[in-house]
Amino acid sequence: MIRLKLQALIGSGGSADVFRLAGGRVLKLYREGLDPGVIAREHDGVRHAVDQGLHVARAFGTRDHGDRSGIVFEELVGKPLLRLPVLRPFRTRALLRRFADYQARIHLCGAAGLPHHQHDIIHVRIEQAEVSEALRAAALERLHAIPRGDRFCHGDYHPGNVILTRAGIAAIDWSNASAGDPAGDVARSELLFRYAGYGPSLRNVPALRRIRTMTADFYLRQYRESTGLSDAAIDAWRLPMAVASLVPGSRVHRPTLIAELERQGFSV
């Protein structure tokens with residue numbers, strides 16, 4: 001097999017690096033030791049998204065580079081929503097409407113043929129979470145009281161995983177894609193809006209935390225208005241998703257989320 005020539009590192013995250021290749025393609029190269037099932041889940045998710053007519057970066061198969069495994073994707077030209085101006089209210093609201101509408105479009109798609117299920121993914125994460133056994137049991141009880149859904153879900157849908165291109169919004173990082181319940185997918189997105197990516201500015205500037213809260217509220221309201229999804233359906237997922245987010249290496253700001261859980265009467 002011909003060795004791929006990596007031209008430049010253009011992105012890096014917790015589980016992978018993304019390198020530009022020739023011919024308008026990129027290689028998403030996963031870190032050594034990552035569960036191969038995660039790579040398969042992303043490959044399956046992207047192929048399913050393409051089959052459903054969603055605007056995404058097409059996958060061209062898996063490739064190894066040295067001791068690491070990866071997937072070759074079409075390169076999307078655009079900007080992540082996370083890097084676009086957030087202090088221009090009208091611009092921000094317009095982007096959030098498009099963000100919510102794209103997620104609603106994902107959820108309109110069936111998930112027949114996908115081998116991965118949301119309930120199973122979240123169950124495993126709850127088992128791995130660094131929490132009390134009582135909280136773990138409560139989260140699992142609530143999770144399994146929710147019927148298993150059959151809609152297509154992204155699993156990690158947030159502005160950092162959305163690219164604004166000339167052809168419109170496109171979601172990336174489908175490594176959590178699954179068949180499931182849209183309400184769970186929305187609960188995950190809401191949680192990330194509220195608790196992920198807490199740097200020094202968010203910790204030290206109350207006004208920025210208020211903007212974060214207003215952004216989460218606006219996103220949630222927009223999604224619900226466009227789909228009719230009830231808050232009760234989303235609320236059923238909030239505890240399982242919160243506990244599933246308390247795994248080692250999570251992007252969620254653990255002290256802030258724990259404080260909220262304790263405010264609700266849970267012992268973490």
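The values are calculated or read from the model by the stated rules, or taken from the named source; none is laboratory data. Quantities reported herein were computed from a predicted structural model and do not represent experimental measurements. We place every Cβ from the backbone using ideal geometry, glycine too, and count neighbours over all the protein chains shown. To get the accessible areas, we keep the full protein, side chains included, count just its heavy atoms, and leave off ligands, DNA and RNA. Shrake-Rupley method; radii C 1.70, N 1.55, O 1.52, S 1.80 Å.
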Angstrom value of the Kirkwood radius, inverse mean 1/r, which spans all Cα pairs in region 67-166:
16.8
Please list 133-139, 123-129 highest first by mean number of surrounding beta-carbon atoms within 10 Å per residue.
123-129, 133-139
Between Val247 and Ala112, how many nm apart are label points set 7 Å from Cα along the C-beta direction?
3.0
Distant-in-sequence amide H partners of Ser132 (H built 1.01 Å from N, under 5 Å)
none
Taking the dipole about the Cα centre of region 9-148, with the C-beta of Lys and Arg at +1 and of Asp and Glu at -1, give me whichever of Ala112, Ala49, Leu135 is farthest to the positive side.
Ala49
Per the 1/(1 + (r/R0)^6) rule, R0 = 35 Å and r from the Cβ atoms of Ser230 and Ala22, FRET efficiency to 0.05 is 0.10
How large, in percent, is the carbon and sulfur part of the accessible surface of region 127-268 at a probe radius of 1.4 Å?
52
Can you tell which of Ile234, Ile172, Ile146 shows the greatest fluctuation in a Gaussian network model of the chain with Cα springs below 10 Å?
Ile146
Would region 1-128 count as rounded, prolate or oblate if I go by the C-alpha gyration tensor, calling it rounded below 1.5 in a/c and otherwise prolate when a/b exceeds b/c, oblate otherwise?
oblate
Taking only Cα atoms, what is the 0 to 90° angle, nearest 10, from helix 182-195's long axis to the longest principal axis of the chain?
80
Other residues with Cβ under 10 Å from the Cβ of Leu239 give, with Lys and Arg +1 and Asp and Glu -1, a net charge of 0
Amide H of His65: which non-local residues (sequence gap of 5 or more, or other chain) have their own amide H closer than 5 Å, using H built in the peptide plane?
Gly70
Roughly how tilted is helix 118-128, in degrees to the nearest 10 and between 0 and 90, from the longest Cα axis of the chain?
70
Derived scalar couplings ³J(HN,Hα) [region 96-108; Karplus, 6.51 cos²θ - 1.76 cosθ + 1.60; whole Hz; x for Gly, Pro]:
5, 4, 5, 4, 5, 5, 5, 4, 4, 5, 4, 6, 6
Distance between modelled label sites at Arg97 and Asp64, nm, 7 Å Cα→Cβ extension
5.0
Under 5 Å from the placed amide H of Leu34, counting only residues 5+ away or on other chains, we find none
Using only helices, what value at 222 nm comes out for the chain when you add -39,500 (n - 2.57) per DSSP H run of length 4 or more and divide by the total residues, to the nearest 500 deg cm²/dmol?
-15000 deg cm²/dmol
